[in-house]
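A.B. asks: Before I ask anything, here is the structure I am working with.
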Amino acid sequence: MLEAPLDAPGRTRDQLLAQVAVDGIVGNARSLVDFGHATFGELSLTDCAMALKDTAQDSNDGDLSAAVTMLSSQAVALNAMFGELARRSALNMGEYIDASERYMRLALKAQGQCRATLETLAAIKNPPAVFARQANINNGGQQQVNNGVVAPASPARAEEIQSRPNELLEQQQHGEWLDTGTAGKAGGADPHLEPVGAIDRADVTGR
């Protein structure tokens, strides 16, 4: 039986029991009591729940020593299971092929779980670094991406940026545009480049 307060400020007994079920601590404590009976004898459900709660609180506070100890012990136990199952597979090899194969499959599963446990343990001890590939920054109405490209935030802003080169060209020519709109005359360096109409233009008068 689980020892719990009959009431709490602002909560009924049913609400307390529902919260206990949602937390999951008592359910895992029940599994600990049932599966640990052969090894530890009769265990108190309340004491197991309190012990699990303290362990969970330590993990929330950043103390993962209990998790490291548990995973290390599990890796050693899984390795022992692999050795025993591999031994039984070897005993049946040659005479009972089916039994030998089954034992070997179980041995390799234990070996795979042992490897996965050690990888999890290594990830806890040395967590991988996380790198951000792209950062978008909105500063002063402009969206700046880390590759140096600046995207205008609005069409009006784009029009303002696009008109600046034209203004600079006008200022450099003392208020006159580079292209005045009038056609230039052909130079005398190469008379063959004169307008075609001036050299070989059709006679529109019929002569």
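Read the figures in this text as sums done on the coordinates, not as results from a lab. This one's a predicted model, so the numbers in the text were calculated from it and none came from an experiment. Glycine also receives a Cβ, built like all others from the backbone with ideal geometry; neighbour counts cover every protein chain displayed.
A.B. asks: Which is farthest toward the positive dipole end of segment 3-136 among Ala21, Gly94, Ala110, measuring Cα position about the Cα centre, with Cβ charges +1 (Lys, Arg) and -1 (Asp, Glu)?
C.D. replies: Gly94
A.B. asks: Also, quick follow-up: Which distance in nm do the two modelled labels at Ser31 and Ala129 give, with both placed 7 Å along the Cα-to-Cβ direction?
C.D. replies: Placing both labels 7 Å beyond Cα along the Cβ direction yields 3.6 nm.
A.B. asks: What is the order of Arg88, Arg105, fewest Cβ neighbours within 10 Å to most?
C.D. replies: So the residues, fewest neighbours to most, are Arg105, Arg88.
A.B. asks: Okay, moving on. Can you tell me, using C-alpha contacts under 8 Å and at least 6 residues apart, the relative contact order of segment 1-63 as a whole percent?
C.D. replies: RCO, segment 1-63: 31 percent.
A.B. asks: Starting with the fewest neighbours, write out Leu64, Leu52 ranked by other beta-carbon atoms found within 10 Å of each beta-carbon. Intermediate values should be presented prior to the final figure.
C.D. replies: Details: Leu64 14, Leu52 18.
By the 10 Å Cβ count, ascending, the order reads Leu64, Leu52.
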